[in-house]
Amino acid sequence: MDAGTVPAGDYRDPVTSTDGGTDDPRGIADADFDRLVALVRTLLDVPTALVSLVRPDEQVFPGAVGLPPEWQVRRSTPLSHSFCQYVRSTAQPLVVRDAREVEVLSANRAIEDLGVIAYCGVPLVGPDGDVVGAVCAIDSRPRDWTDADVAVLTQVAGLAASELRLRALTREAETARRAAERVGEQTRMLLRFADTLADAVTLADVAAAVTAAAAEVLGTSWTCLALVDPATRRLRLVPTPGHAGSTAAVGDAGSVPLGTEHPPSAALATGRAVFLPDAAATAERFPSARPPLPVPGPVGASAHLPLPVAGSLPGTLSLVWDAPRAFGPVEQGLVLALAGYTAQAVARAVLLARQESVATTLQRALLGELPDPPGLDLAARYLPSSAGAQVGGDWWDAFDDSDGATVLVIGDVTGHDVAAAATMGQLRSMLRGFAFEGGGPPARALDRLDAAVAGLRTGALATALVSRVDGTDDGRRVLSWSNAGHPPPLLRTPDGRIEVLASKPDLLVGLDPARQRHTHSVDLAPGSTVLLYTDGLVKRRRTDLDEGIAQLTAHFAADEGGSLDDLLDLLLEGVRGSTDDDVALLAVRVR
């Protein structure tokens, strides 16, 4: 018999499912292995049988029957009480008639404490093919073991090994299932990130959306989105509505200098994420990065991510937790994914802001300025649609013609995009030139515009209303107008009565240049107000034009005699951000 030493090293218990009861406080007892050793005791007629797993400093008995009561409950012994360690170290059966007569075993304390005199043990092979312990039979008196006894134990050890392999496979399957669940949860998290950021239009929207997404999915206490300010060469915080306290995250006045002295700027400078598991790690790596403003709560872990693809304004995203945190591979991946989605949203918001700026400048250039005719007050508004570019086909125009009369024009080219704005610019310029020739009725200007549209083959289609305010020899003011398929103007008399200047409208501009147009007129008493508007003000989903005009009339009647600017602001309340069409307004009041 070669009773060598137990190999050193780490040991992983292959028993992954136990069925311990109240008599097994360590939870080692296993019903399946207990049944196997009960079979051994019956077949070999022994008082004690064990399934023993040998660890570096002890042996445990997931299967045990016949041990003294104290050890039966404990289900483990130190190696000073182990015969099975020799089976494991040699990977051979150990057959002992009387341990007291074997030099290497005679001092083993299992003889006295466990009553081990005769011992027969065979190797137990684990799932990886290594011997992990033994299946053994024990007698409290000397016994001559037979080959049949060894064969029985070998068969039982094979059953125990099969059980270990089955459990290992089950464990691997469970690990794979949990991994798949983690992947599925990560995918769901990333989809929530994307959904939350998809509707963000402005930089403030992006900051608010990423704050909400990070709090929901990652449990952050606050976040900071910062972009490089080209003028100051500093990282400047993007304000987040409702999270004013987070200004402190990037330092004095909501900004930090570029470089490597602060976590966000270091992430931007190196192009690598900075993960700080706790406040101590932050202080050690960035000793000078002390935010001078009060922070909104405790600062534990933080992550600072560069946003290198955020257009020409690179920036950073900082995520802060109120407690220490270990950043494992899975969480790092989620944080980096959130940074990627944020960078795309920032790039989109920056591009939209630039487009809006260009579009607004273009639209203002196309609309021009209001004149200041004697005895009249004028006011105008243009509101782009809530979707699409910030320009469209609606327009207003006001100017004094060659006779000194004040010409008022409102129109709407089909569409509300840059192409519509370009067509609008052509029609507005032509109509302005035709209407400037004084003395003629408004219908004449529209007739000439129809002819020009047909002759130049512009393909334009638009509604328009051309009007002019003339003074008479007896001091009265007269409004005359011609309507090319446009909503009717509204007149508010000095006593507050609203009159819809309804007349059978002529065809739209661009349909039939041969069709005759008509001019209508009405007297304007001092204090009268005329409102011209496009259909974006009165058309809504589930609301027809007549109902919209009735609602506008009610709002117009509610005017309390303030300025025209106040009136137009009142009429636009509830329209901003809720219409998918452009809105143009033009009002004139006789002093």
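Summary of computed values
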read-out	value
Where Rh is the Kirkwood radius over Cα pairs, Rg/Rh for segment 123-227	1.50
Footprinting exposure proxy for Asp144, Asp113 (fewest neighbouring C-beta atoms within 10 Å first)	Asp144, Asp113
Evaluated at q = 0.18, 0.20, 0.22 Å⁻¹: base-10 log I(q)/I(0), Debye formula over Cα of segment 31-170	-0.95, -1.21, -1.50
Karplus-derived 3J(HN,Hα), 6.51/-1.76/1.60, for each residue of segment 421-436, Hz, glycine and proline x	5, 5, 5, 4, x, 5, 5, 4, 5, 5, 5, 4, x, 5, 6, 5
Nearest-0.05 FRET efficiency for Ala179 and Ala107, computed from C-beta distance (R0 60 Å)	0.75
5 angstrom amide H check on Lys539, placed H, neighbours 5+ away	none
Long-range HN-HN contacts of Arg234 with modeled amide H, under 5 Å	Asp229
Kirkwood hydrodynamic radius of segment 368-590, from inverse mean 1/r over distinct Cα pairs, in Å	17.5
Peptides 115-128, 550-563 ordered by average Cβ neighbours within 10 Å, highest first	115-128, 550-563
Net +/- balance of residues flanking Pro441 in space, Cβ distance below 10 Å, scoring K and R +1, D and E -1	+2
Gyration tensor (alpha-carbon) shape descriptor, segment 448-557, a/c threshold 1.5	oblate
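Values in this text are rule-based calculations from the coordinates and carry no lab data. Keep in mind that this is a model prediction, so the values were computed, not measured. Every residue, glycine as well, gets a Cβ built from its backbone with ideal geometry; the counts of neighbours run over all protein chains shown.
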